[in-house]
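The values are calculated or read from the model by the stated rules, or taken from the named source; none is laboratory data. Only a predicted model underlies this, so the values are computations on that prediction, with no experimental measurement involved. Note that we place each Cβ from the backbone using ideal geometry, even for glycine, and neighbour counts take in every protein chain shown. Surface areas here come from the heavy atoms of the whole protein model, side chains and all, with no ligands, DNA or RNA. Shrake-Rupley method; radii C 1.70, N 1.55, O 1.52, S 1.80 Å.
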Amino acid sequence: MSKVGIIMGSDSDLPVMKSAAVVLKELGIEYEMTVVSAHRTPQRMMEYAENAYDQGIRVIIAGAGGAAHLPGMVASLVPLPVIGVPIKSSNSIDGWDSILSILQMPNGIPVATVALNGAKNAGILAAHILATSDPSLYQKLLKYKEDMKAAVLVKAENVENTDF
Ligand code: RP5
């Protein structure tokens, strides 16, 4: 059963949202991914949220652009951690509309909002949440951080040795 549910308001969000799937795959975390629109398929959104826990989903990553109500509405329906990804879509003025729609939630309905188009971090944050009850995933994430550090040190050395 998939541990992470990745949903997005439209297939036009996929170029951004696929980064969440890529990092989850890299970490060996099972996920499922589909399109659920808060405005165009409200009934489907309700069914998705209400069935998510029984389907094995423990974290939901929801991305949407413009008047981005999907993450907040899903969070309103189910007590699972919801990570919201604001997307700079064709109907977004400059991205702020998506950011604020996802970020400015009322008390009682939290959505963990990542940066504009920040689907990769959404995937990593989902992994961090799952790792709190999965020691082997926790070890994997420690290694992920070590690998990042090593990559930065290589970059540093390259920059330091660059001759103009
Ligand atoms: C939002 O409207 C979707 O999440 C997408 O970001 C945006 C544009 O959707 P399409 O017109 O491309 O289907 O609800």
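Might you let me know whether the stretch 133-153 holds any residue that is among the basic types (K, R) and closer than 23 Å to R40 by Cα? Looking for residues that are among the basic types (K, R) and closer than 23 Å to R40 by Cα, one finds none in the stretch 133-153, hence no. In the stretch 61-73, the count of residues that are surrounded by fewer than 17 Cβ atoms within 10 Å (Cβ to Cβ) and within 13 Å of the ligand (Cβ to nearest atom) is one or more.
Taken over the stretch 16-45, the criterion of being open to solvent by 90 Å² or more (accessible area, probe 1.4 Å), of a type outside the set (D, E, K, R) and within 11 Å of the ligand (Cβ to nearest atom) is satisfied by H39 alone. In the stretch 18-33, which residue that is touching a strand residue (DSSP E or B) at 6+ places or on another chain (Cβ under 6 Å) and assigned to a helix (DSSP H, G or I) is nearest to N121 (Cα to Cα)? Here the residue is A20. Return yes when P86 is in a strand (DSSP E or B) and either in contact with a strand residue (DSSP E or B) (Cβ under 8 Å, 6 or more places away or on another chain) or open to solvent by 50 Å² or more (accessible area, probe 1.4 Å) (or both) and no when it is not. For P86, the condition - in a strand (DSSP E or B) and either in contact with a strand residue (DSSP E or B) (Cβ under 8 Å, 6 or more places away or on another chain) or open to solvent by 50 Å² or more (accessible area, probe 1.4 Å) (or both) - is met.
In this structure, does P79 turn out to be away from the ligand (no atom under 16 Å from the Cβ), surrounded by fewer than 20 Cβ atoms within 10 Å (Cβ to Cβ), closer than 27 Å to E47 by Cβ and more than 19 Å from the chain's Cα centre (by Cα)? In short, no.
Of everything in the stretch 110-138 that's without any contact (Cβ under 8 Å) to a residue 40 or more places away in the chain and of a type in the set (A, V, I, L, M, F, W, C), which residue is surrounded by the most Cβ atoms within 10 Å (Cβ to Cβ)? Let's see the steps before the verdict.
Here is the first cut: in the stretch 110-138, the ones without any contact (Cβ under 8 Å) to a residue 40 or more places away in the chain are 110, 112, 114-116, 118, 121, 128, 131-136, 138.
Of the ones still in play, those that are also of a type in the set (A, V, I, L, M, F, W, C) are 112, 114-116, 131.
Values: A112: 20, V114: 24, A115: 13, L116: 18, A131: 18.
Among those residues, the one meeting the criterion is V114.
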